[in-house]
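The values are calculated or read from the model by the stated rules, or taken from the named source; none is laboratory data. The model shown is predicted, which means the values in this text are computed figures rather than measured ones. Ideal geometry is used to build each Cβ from the backbone, glycine not excepted, and the neighbour counts take in all protein chains shown.
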Amino acid sequence: MISRQTLVLTCLAGLAGTQFSAPGVRSQDSQDRPIEPRPSTGMQQPSEGTIYVRVALVSAPVVVTDANDEPVLDLQKEAFHLLDNGVGQTIEAFDLGGEPLSAVLVFETSSRIAPLLPAVRKSAIVFTQTVVGPSGEVAILSYDYGIGRLLSFTMDHDKIEKTVSSLKAGNSGLRLYDALSQAVELLSDRRTERRRAIIVVGEASDGGSEEELGEVLRQAQLANVVIYSVGLSPMAAALRAEPSQAAPLQITPPGTFGSGPTFPGTAQTATSEQQYSGNIDLLGIAEWAVRNVKGVVKDHPLEVAATATGGTFQSVAGDRSIDKAIDAIGGELNSQYILSYRPVGSDIAGYHQIKVTVDRPGTKVRTRPGYYLEAK
């Protein structure tokens, strides 16, 4: 039998005062609780070769909305039911938002969306008022062919607004995944009692990144990061461009096709784009990407990233739409229920599915669909 290992992992940002460490990583929080012995569940002993890991505490932010998509904020702990890999769990801690936020704002500054940058710049005050708030801190990255670190973490609203309002267009590069990876890295060093989020404003495309999306999402899970995305339209940018600047419209990076989905791991071709259309299983693609970290996700990366981490994706066009999308993100960040539990009966290495339901008819519940435990 392979010896039991210890892996401390959280599913999402939001559990204050608790440190989660992966194997081989020293915790920075001296107040960590010791890992308790796994209680007997009456289940049959696993066969030889089964790899087990131990999860001390899992945390998941949950958003509950009514039929009008308005947040439901009056639920008590007893109304929530949580399954981890199909096994019912006891919710140990329960809270409704409130912890201070650490966020990385990630902006595409490629020449492809340059005509939309004035609208993005105007949104600076919306970020500080509705997302950052009085206790939040923000760092800012930009990306085209390179990654620019424009602002280190600060609580100074004037610096944040000045940086956003001064964004400049660069070249035509689209290293989205590399920018997300650096954002996760920055957030990994923030204090554990702070919620962690990435808000990316850019096209739903990547070109030239060294990182793969699945690896970025797995690391985001380990760092308790939720990804929110505001999708800019290169078509809208082309329509806004001056006639003398207009180029043949291409809405995806060179060498790629349009937005039609393909099966995960399948090379995208003109034929596959025509044959596969309709509704997209974002949950399935998100889980596949996290399980297969080297697999290539060619379509809808911002939607997949948001789905995999419990955030939201909003496609926008126009000044007011960008402001509205950012305002909605700020509202959600302040209306999350935080559920935490110590998994019982589901500590096998691999991907773990989380399902949350509530005792309130007519409501919709959203949380991150799962997390990944690596065998070490």
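Details
- Residue in the stretch 259-276 that is at pLDDT 90 or above, among the aliphatic types (A, V, I, L, M) and either surrounded by fewer than 17 Cβ atoms within 10 Å (Cβ to Cβ) or under 22 Å from the mean Cα position of the chain (by Cα) (or both) present: no
- Within the stretch 83-129, tally of residues that are closer than 25 Å to residue 225 by Cβ and touching a Lys or Arg at 6+ places or on another chain (Cβ under 7 Å): 9
- Count - residues of the stretch 109-141 that are within 14 Å of residue 172 (Cβ to Cβ) and polar (S, T, N, Q): 3
- Here is the figure for the stretch 115-152: residues that are crowded, with 16+ Cβ neighbours inside 10 Å and under 19 Å from residue 99 (Cα atoms) total 9.
- With respect to being buried (at least 22 other Cβ atoms within 10 Å of the Cβ), farther than 17 Å from residue 70 by Cα and modelled with pLDDT under 90, residue 333 falls outside the description.
- Residue, surrounded by the most Cβ atoms within 10 Å (Cβ to Cβ), within the stretch 280-301, restricted to residues that are touching a residue at least 24 places away in the same chain (Cβ under 8 Å), of a type in the set (D, E, K, R) and in a loop (DSSP other than H, G, I, E, B): 299
- Yes/no for residue 95 being acidic (Asp, Glu) and touching a Ser or Thr at 6+ places or on another chain (Cβ under 7 Å): no
- Within the stretch 98-109, residues that are closer than 19 Å to residue 129 by Cβ and assigned by TED's automatic domain parsing to the domain that holds residue 159 reach partners that are in a loop (DSSP other than H, G, I, E, B) and modelled with pLDDT of 95 or more with beta carbons closer than 8 Å, at six or more positions or on different chains, in the pairs 107/167.
- Flag if residue 365 is farther than 27 Å from residue 279 by Cβ and out of contact with any Leu (no Cβ under 9 Å at 6 or more places or on another chain): no
- Any chance residue 161 is part of a helix (DSSP H, G or I) and either closer than 30 Å to residue 57 by Cβ or in contact with a Ser or Thr (Cβ under 9 Å, 6 or more places away or on another chain) (or both): yes
- Subset tally (residues that are under 21 Å from residue 175 (Cα atoms) and either free of Cβ contacts under 8 Å to residues at least 12 places away in the same chain or not in a helix (DSSP H, G or I) (or both)) for the stretch 302-331: 6
- Candidate set from the stretch 84-94 (those that are closer than 12 Å to residue 340 by Cα and not acidic (Asp, Glu)); member that is surrounded by the most Cβ atoms within 10 Å (Cβ to Cβ): 89
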